[in-house]
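Okay, structure first, notes after.
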Amino acid sequence: MTHVRRRLPALVVPLLFVAAASCASTSPGDASSGTGGTFPVTVHAADGAVRIPHRPHAIVSLSPTATEMLYAIGAGDQVKAVDKSSDYPKGTPVTSLDGNSPNVEAVAGYHPDLVVASQDTGGLSSQLKAIGIPILIVPAAADLEQAYAQFGQLGAATGHAARARAEVSDIRGRIAAIVASTPKHATPLSYYYELDQTYYSETSSTFIGQLLGLLGLKSIADAASGAAASGGYPQLNAEFIVKADPDYIFLADTLCCGQDATTVAARPGWGTMSAVTNGRVLGLNDDVASRWGPRVVDLLQEVANELRAHPVRSAA
């Protein structure tokens with residue numbers, strides 16, 4: 001049985017955190033600019049300068065994306081507990097902790113020497129700092145460069161700076177290869193990106209929008225009323241989507257809401273849309289589609305494969 005997703009993906013965040021992320025970095029004069037093997041280290045993240053006295057041995061992650069990043073840079077053996085949504089990679093120490101409604105006492109119960117979260121909900125940061133627990137806020141990235149910067153922050157904070165740089169280099173290279181191998185059109189192809197079955201979508205200015213833009217794609221949500229005021233995540237309506245008749249439909253609500261090419265075709269008026277009649281409806285993994293960590297490469301590759309498998313016209 002399908003259901004309406006009540007919470008938008010993690011990439012849909014308050015502009016406060018997006019703005020903060022743009023300033024997050026590591027200072028050249030800090031130990032964090034080195035190999036990551038020297039402590040204490042000060043990391044400049046979205047919640048300000050965070051001093052980490054020693055290499056963390058017990059990390060608690062309240063962010064599924066941060067969890068993926070930590071494992072990707074070789075810090076997995078330092079992670080002792082993760083939130084209930086951190087389901088990747090396999091074998092993560094999943095708990096009942098909730099990054100959206102964090103319980104400070106429950107977090108502290110794991111005796112962490114570093115906590116990583118994507119948002120400072122309910123004064124989480126100040127409460128943890130008050131009891132001497134360092135916390136890094138790594139909010140949803142506004143673009144790839146901010147995501148790469150977060151790899152660097154986590155690498156410095158955990159003693160894996162070199163591995164973090166290598167991971168970023170690998171992601172950059174793989175993305176460049178995907179983009180180079182994908183045929184481009186003289187005019188951008190249009191798409192509708194469905195975040196949930198109430199028709200929330202994203203514009204070309206968002207993280208996902210910019211990622212798909214590398215493949216020559218443009219979101220129909222760009223033309224929606226109130227797109228800018230929504231922070232790039234407007235709620236569309238069926239009439240608008242059908243009238244726009246996008247070249248492709250990407251569904252990021254397959255797990256949460258049971259949507260697929262069949263359910264889309266059954267919607268009133270949708271069966272005649274060109275994306276539906278030409279088999280250009282792609283179901284995505286909700287989790288991969290809503291995180292900004294190492295698996296952005298997988299998302300981009302899946303979309304690129306769809307463009308090649310179901311082309312619109314001859315590439316220019």
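The values are calculated or read from the model by the stated rules, or taken from the named source; none is laboratory data. This one's a predicted model, so the numbers in the text were calculated from it and none came from an experiment. Note that each Cβ is placed from the backbone with ideal geometry, even for glycine, and that neighbours are counted across all protein chains shown.
Residues in segment 102-129 that are touching a residue at least 12 places away in the same chain (Cβ under 8 Å) and part of a helix (DSSP H, G or I): how many?
Here the count works out to 9.
Which count do you get for residues in segment 266-298 that are out of contact with any strand residue (DSSP E or B) (no Cβ under 8 Å at 6 or more places or on another chain) and over 21 Å from Ser63 (Cα atoms)?
11
Please determine, by comparing only the residues of segment 130-165 that are under 28 Å from Glu105 (Cβ atoms) and among the polar types (S, T, N, Q), which one is nearest to the chain's Cα centre (by Cα).
Gln150
Taking the conditions exactly as written (in the same structural domain as Leu300 (by TED's automatic domain parsing), touching a Gly at 6+ places or on another chain (Cβ under 6 Å) and buried (at least 24 other Cβ atoms within 10 Å of the Cβ)), does Glu202 satisfy them or not?
yes
Enumerate the helices (runs of 4 or more DSSP H) found wholly within segment 253-316, keeping only those where 2 or more residues are closer than 27 Å to Tyr88 by Cβ and of a type in the set (A, V, I, L, M).
261-265, 286-290, 296-309
Looking at Gly213, Gly293, which is the one that is crowded, with 22+ Cβ neighbours inside 10 Å, at pLDDT 95 or above and closer than 30 Å to Glu145 by Cβ?
After applying the criteria, what remains is Gly293.
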